[in-house]
Ligand code: AMP
Ligand code: TRP
């Protein structure tokens, strides 16, 4: 617990098509949180540069994430919706955090190891430093809660480590400048500047798996398009992908215990639960004992019912790129006002300004 004003922050990278995993693991949760919180939702275009996308695709990708946010129901007036590169404090604060974070911490990041693969010497420095920029995204707003999918847990722990080391390293100066806020770590309360951000990783959809391999995450970057449902897929695409989804020959069990060792079956039941806003137990009460020949068409119908209106709205918004750019620019102005204040404090704390 810490005594900062609660503020929700999250980001999505504009690389590739958004998938059902992004929607259920992140965007759907963003929508739910706006009812009770101040939320800032960011299209993290600087992060996209770590994987070298082509410039035209980056521009389109940024608009496309913004369109998905709005189509899913995020209100850009009650919340702040913007793209990262318009608020230069993210990059500036990331540099300060590069000097706080330790090589050893970043060396442990599994996402870097996965993305860099065997040819680590040839990975960009940006890909390695990615998590310090992510910490800066959140902490530029002193964000207290971050909704994400399961794969981002380690990055959020790093953001906490950075906040904690910054608070400790500069505690005297933070106190002298009277910028401290009580931050509780375990039993102890210290005077710090940054909150220790809490991840929000909950609900049935923290990890949606590939439709072709129930042990792999559904991902934008999987070479097989059949492995994922894209938010822009047509109803026919969705039906086809669910029909072709890998399964096993057994009927569905009556209880969740019966899904052990059946990752593909578990994933499809999980997707059904998340889309229908129930839990897996409830889904199995309805479908236990049924074959996939019955369950798959029901799942396809549900997925189309939920996703088709979203895709239609996204297409409509993407036809009006002027409107999307205007939403992003207005959001960036509001985000800048907050981030500028934080960066001003940080400069005084670390001694970059008097
Ligand atoms: P990214 O596409 O990597 O920028 O991810 C954007 C958000 O979607 C992050 O919060 C991820 O954790 C979440 N996410 C991505 N893929 C999945 C998945 N297969 N299941 C659940 N959440 C996901
Ligand atoms: N790393 C996140 C992802 O790949 C995207 C991201 C960047 C993010 N900055 C963030 C998520 C800040 C939450 C908060 O999904």
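Just so you know, all these numbers are worked out from the coordinates, no wet-lab data involved. This is a predicted model, so every value here is computed, not measured. Note that we place each Cβ from the backbone using ideal geometry, even for glycine, and neighbour counts take in every protein chain shown.
Any chance you could count how many residues in region 220-230 are within 16 Å of ligand 2 (Cβ to nearest atom) and buried (at least 17 other Cβ atoms within 10 Å of the Cβ)? Walk me through it before giving the result.
The first filter runs over region 220-230 and keeps only residues within 16 Å of ligand 2 (Cβ to nearest atom), leaving 220-222, 228.
Next cut, buried (at least 17 other Cβ atoms within 10 Å of the Cβ) only: 222, 228.
Qualifying residue count, region 220-230: 2.
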Self-check item: Candidate set: region 185-201, residues that are assigned to a loop (DSSP other than H, G, I, E, B) and touching a residue at least 24 places away in the same chain (Cβ under 8 Å); chosen: the one nearest to residue 149 (Cα to Cα)
Solution: 201
Quiz item: What pairs come up if the first residue lies in region 9-32 and is on the phi > 0 side of the Ramachandran plot, the second is outside any loop (DSSP other than H, G, I, E, B) and surrounded by fewer than 21 Cβ atoms within 10 Å (Cβ to Cβ), and their beta carbons are under 9 Å apart, counting only those six or more places apart or on different chains?
Solution: 16/57; 16/230
Self-check item: Selection status of residue 76, touching a residue at least 40 places away in the same chain (Cβ under 8 Å), crowded, with 22+ Cβ neighbours inside 10 Å, in a loop (DSSP other than H, G, I, E, B) and touching a helix residue (DSSP H, G or I) at 6+ places or on another chain (Cβ under 8 Å)
Solution: no
Self-check item: Test set (1) closer than 24 Å to residue 217 by Cα; (2) surrounded by 16 or more Cβ atoms within 10 Å (Cβ to Cβ); (3) touching a residue at least 60 places away in the same chain (Cβ under 8 Å) - residue 266 fails condition number
Solution: (3)
Quiz item: Mind checking which residues of region 145-177 are in contact (Cβ under 8 Å) with a residue 40 or more places away in the chain and more than 16 Å from ligand 2 (Cβ to nearest atom)?
Solution: 165, 166, 169, 170, 173, 174, 177
Quiz item: Which members of region 90-134 meet the condition of being without any contact (Cβ under 8 Å) to a residue 40 or more places away in the chain, part of a helix (DSSP H, G or I) and more than 21 Å from the chain's Cα centre (by Cα)?
Solution: 95, 98, 103, 104, 107, 120, 121, 122, 125
Exercise. Look through 180, 186, 192 and report the one residue that is on the phi > 0 side of the Ramachandran plot and more than 16 Å from ligand 2 (Cβ to nearest atom).
Key: 186
